[in-house]
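Read the structure below first, then the notes.
Taken together, the values in this text are just the output of simple stated rules run on the coordinates, not laboratory data. Since this is a predicted model, take the numbers as computed values, not measurements. Here the Cβ positions follow ideal geometry from the backbone for every residue, glycine too, while neighbour counts run over all protein chains shown.
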Amino acid sequence: MNGQNRKDVYPGLLVDIILKKDQRSGKRTRGIVKNLLTSAAFHSRGIKVRLEDGQIGRVVEIIEEYDF
């Protein structure tokens, strides 16, 4: 599932994001969503999120729910 719809992305979700510095290469970074930074309901390049480790990027793929 892609991360273009805000309703599909929420804290605790395991996702792949693309960091700003990796936009040209397309290198993905995997992590758990801490909070959402995009307020719009939809974004064509993916909802911007902050991961639990502090990295910020746009969601390109939702991997799975993460149980704590």
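Using amide H atoms built 1.01 Å from N in the peptide plane, name the residues 5+ places from L19, or on other chains, whose amide H lies under 5 Å from its own.
Sorted by chain and number, the residues that satisfy this are T29.
Rank L13, G46, S25 by how far each Cα sits towards the positive end of the charge dipole of the chain (+1 on Lys, Arg Cβ; -1 on Asp, Glu Cβ) and give me just the farthest.
Toward the positive end, the furthest listed residue is S25.
Excluding same-chain pairs closer than 8 in sequence, count the lysine pairs in the chain whose Cα atoms lie under 19 Å apart.
Details: K7/K34; K7/K48; K20/K34; K20/K48; K21/K48; K27/K48; K34/K48.
The result is 7.
Order these peptides, 53-60, 4-11, 39-46, by their mean beta-carbon neighbour count within 10 angstrom, highest first. Intermediate results must be reported in sequence, preceding the final value.
Details: 53-60: 16.5, 4-11: 14.9, 39-46: 11.8.
Highest-to-lowest ranking by the protection proxy: 53-60, 4-11, 39-46.
Taking Cα pairs under 8 Å and at least six residues apart, what relative contact order does the chain come out at, in percent? Intermediate values should be presented prior to the final figure.
Numbers: 161 pairs, mean separation 29.5, N = 68.
So the answer I get is 43 percent.
Above 15 angstrom, tally the Cα pairs of the chain and express them as a % of all pairs, no decimals. Spell out each step's value before the answer.
Values: 936 of 2278 pairs.
The answer is 41 percent, as a whole percent.
Roughly how big is segment 6-65's charge dipole about its Cα centre, with Cβ charges of +1 (Lys, Arg) and -1 (Asp, Glu), in debye to the nearest 20? Intermediate values should be presented prior to the final figure.
Details: 13 positive and 8 negative charges, 85 e Å.
With only Lys, Arg, Asp and Glu charged at Cβ, the dipole is about 400 debye.
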